[in-house]
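These notes concern the structure reproduced below.
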Amino acid sequence: MKRKITAAVLVLILVLSAVTAFAESLPLFVDEENLISDSQGAELSQRLEKVSRDYECDVVIVTVSSLQGKTVTEYADDYFDYQGYGQGASGDGILLLVCMQQREYAISTKGKCINVFTDANLRYMEDRFVGYLSDGEYNDAFNEFVTLCDGFLEKAASGRPYDSGQPLSLIWIPISLVIGFVLALIITGAMKGRLKTVHMQSAADNYVRADSMQITRSSDVFLYANVSKHKRPENNSSSGGSSTHVSSSGSTHGGSHGRF
């Protein structure tokens with residue numbers, strides 16, 4: 001009986017080792033379009049491997065020429081799922097796909113990365129690396145993407161996840177009110193000090209010049225209207241402020257997409 005249990009344990013260890021070895025063999029930078037040099041690609045791969053290892057989630061960059069009839073989001077999700085990316089039971093990872101033929105990009109997130117890379121954070125990232133793609137500075141774009149991923153993952157790992165869409169801390173509300181009140185007192189006090197020749201009048205006659213107002217034309221002007229507003233339906237969002245969808249494999253992904 002003990003031999004059977006020991007054999008089963010050994011088989012399990014071998015299977016897990018094989019799965020781990022397979023996962024580690026997956027390239028984190030796949031440059032089908034040869035957008036950057038071999039030396040730049042090697043350096044970028046090292047950075048991707050370090051970030052992926054440090055935070056236990058795959059950070060992947062892929063360039064392709066065609067989407068093969070799919071949308072850019074579908075292609076990115078399917079590439080992530082069917083190539084076997086993602087660490088842990090929930091398949092944690094983030095993938096940037098760049099398609100040169102359509103000049104489109106997509107970011108696909110899965111597992112814990114859905115909550116780390118919220119919609120607001122992805123917009124923040126796009127503002128910083130998409131410009132490089134548009135200018136053809138692909139190495140700068142990819143390295144900026146890795147740097148941003150490293151920063152957001154570091155904050156999440158330290159228990160301080162950042163979402164640029166988060167509301168302002170309540171402690172700053174009274175502080176802002178006090179500062180505004182003090183500034184208002186200073187400004188109005190300075191204005192009041194300049195009005196030394198002005199005195200209050202009991203009637204408005206002294207402020208009106210005789211015969212200065214003559215009506216030469218009158219017309220009716222429509223000023224007001226009743227407008228009905230309806231709340232726009234919201235996308236399905238996770239608790240971390242990320243819109244999610246289901247890929248063709250049945251997995252839940254977050255992410256974004258756009259053109260460059």
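For an R0 of 22 angstrom, estimate the FRET efficiency from the Cβ-Cβ distance between residue 160 and residue 120 and round to the nearest 0.05.
The formula returns an efficiency of 0.90 here.
Got a sec to turn the phi values of region 125-135 into Karplus ³J(HN,Hα) couplings, 6.51 cos²θ - 1.76 cosθ + 1.60 with θ = phi - 60°, whole Hz, x for Gly and Pro?
Running phi through 6.51 cos²θ - 1.76 cosθ + 1.60 with θ = phi - 60° gives 5, 4, 4, 9, 10, 5, x, 5, 4, 4, 8 Hz.
From the backbone phi of region 246-260, what are the Karplus-calculated ³J(HN,Hα) couplings (6.51 cos²θ - 1.76 cosθ + 1.60, θ = phi - 60°) in whole Hz, Gly and Pro given as x?
In residue order, the calculated couplings are 10, 7, 5, 7, x, 8, 8, 10, x, x, 7, 7, x, 10, 9 Hz.
With unit charges on the beta carbons (Lys and Arg positive, Asp and Glu negative) and the dipole taken about the Cα centre of region 92-144, which residue among 138, 122, 108 sits farthest to the positive side?
Farthest towards the positive pole: 108.
For residue 147 and residue 245, calculate 0.36 nm times their separation in residues minus their Cα-Cα distance, and state this gained length in nm to one decimal. Walk me through the numbers before you get to the answer.
Working: separation 98, 0.36 × 98 = 35.28 nm, distance 2.60 nm.
Result: 32.7 nm gained on full extension.
From the Cα gyration tensor of region 28-117, with a ≥ b ≥ c the square roots of its eigenvalues, which class applies: rounded if a/c is under 1.5, or else prolate if a/b is larger than b/c, or else oblate? All intermediate terms of the calculation are to be shown ahead of the outcome.
On the way: a/c = 2.25, a/b = 1.16, b/c = 1.94.
Note, shape of region 28-117 comes out oblate.
Amide H neighbours of residue 242 under 5 Å, at least 5 residues apart or on other chains, H built in the peptide plane: list them.
Counting only residues 5 or more places away or on other chains, the set is 119.
More than 17 Å apart: what percent of Cα pairs in region 66-126 qualify? Intermediate values should be presented prior to the final figure.
Values: 749 of 1830 pairs.
For region 66-126, the fraction of Cα-Cα distances above 17 Å is 41 percent.
Highest mean first, how do 36-46, 140-150 rank when packing is the count of other Cβ atoms within 10 Å averaged over residues? Present the calculation step by step, with values, prior to reporting the outcome.
Details: 36-46: 14.5, 140-150: 20.3.
Averaged packing, sorted descending, gives the order 140-150, 36-46.
If amide H atoms are built 1.01 Å from N in the plane of the peptide, which residues on other chains or at least 5 residues away come under 5 Å of the amide H of residue 64?
98, 99, 100
Compute the length gained on full extension between residue 186 and residue 53: take 0.36 nm times their separation in residues and subtract their Cα-Cα distance, giving the result in nm to one decimal. Write out the running numbers ahead of the final one.
Values: separation 133, 0.36 × 133 = 47.88 nm, distance 5.54 nm.
Full-extension gain reported as 42.3 nm.
Read-outs throughout are calculated quantities, based only on the coordinates presented, and are distinct from any laboratory measurement. Bear in mind the structure is a predicted one, so any value in this text is a computation, not a measurement. Ideal geometry is used to build each Cβ from the backbone, glycine not excepted, and the neighbour counts take in all protein chains shown.
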